[in-house]
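Just below is one structure, and these are the notes that go with it.
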Ligand SMILES: [Zn+2]
């Protein structure tokens, strides 16, 4: 997909980090949210913007040593986590070079590195699920349905585990939102019974916003439609 460089340039600035693994400088590109108009939100909460897809810019990657994490994650790795990342990732990392403005292909690679780092340092299920979900959305932007569905499935597994044993919020996602996401992701992998159950769980939540309630009813309708399709 070709990108309009001038429009992108205007929306992006750079921030410097020092890599906590190798001390090299990381130039991270950040999207100015205020200048990027929100167009629409998919039923599973993937937001679509007019000019730049901010999803492509949400991972910090050290191109020298392979350290990667979401830019939303403010805590740096602990000593024990750093040791694991250095041994299992940095020691074998061949380096990376991305486009000036990230393509979907670049973004896929960046999320995969973030997911690998998260797995190596034994991150929470919630964090791994959040990364997998964003990766699925990048595949959606690219039109790769097979990989999109695969990572929707991964995110679903992680969120189900997180709901059992971890605390909320998962980054900006409150408990009710995660319950709704479990329903929406179950719908996408055709587990319609599970999707309906999790709509019920969501609606029973104490802090369901009217907007999320509406989304539940829309999703319920979509499930009914899909059931009819399957029965045909
Ligand atoms: Zn580094």
What ranking of 57, 102, 111, 13 emerges when the number of other C-beta atoms within 10 Å of each C-beta is taken as an exposure proxy, fewest first?
-> 13, 57, 102, 111
Based only on the alpha carbon positions, what is the Kirkwood hydrodynamic radius of the chain, in angstrom?
-> 18.9
Principal-axis tilt of helix 192-204 within the chain, Cα atoms, nearest 10 degrees = 90
Which value in deg cm²/dmol, rounded to the nearest 500, describes the helix-derived mean residue ellipticity at 222 nm for the chain, given -39,500 (n - 2.57) per DSSP H run of n ≥ 4 and division by the residue count?
-> -17500 deg cm²/dmol
Pairs of alpha carbons in the stretch 130-185 whose separation is greater than 17 Å (percent) = 34
Proxy reagent accessibility, fewest Cβ within 10 Å first, across 120, 170 | 120, 170
When all C-alpha to C-alpha distances in the stretch 174-232 are sorted into bins of 10 Å, what percent of pairs does each bin hold, rounded to whole numbers?
-> 26, 54, 17, 2
So what does log10 I(q)/I(0) come out to for the stretch 1-96 at q = 0.16, 0.20 Å⁻¹, using the Debye formula with one equal point on every Cα and no solvent?
-> -0.79, -1.01
Tell me, 76, 21 in order of fewest to most beta-carbon neighbours within 10 Å?
-> 76, 21
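Read the figures in this text as sums done on the coordinates, not as results from a lab. On a predicted model such as this, the values are computed, not experimentally measured, just so you know. Virtual Cβ from ideal backbone geometry, glycine too; neighbours counted across all protein chains shown.
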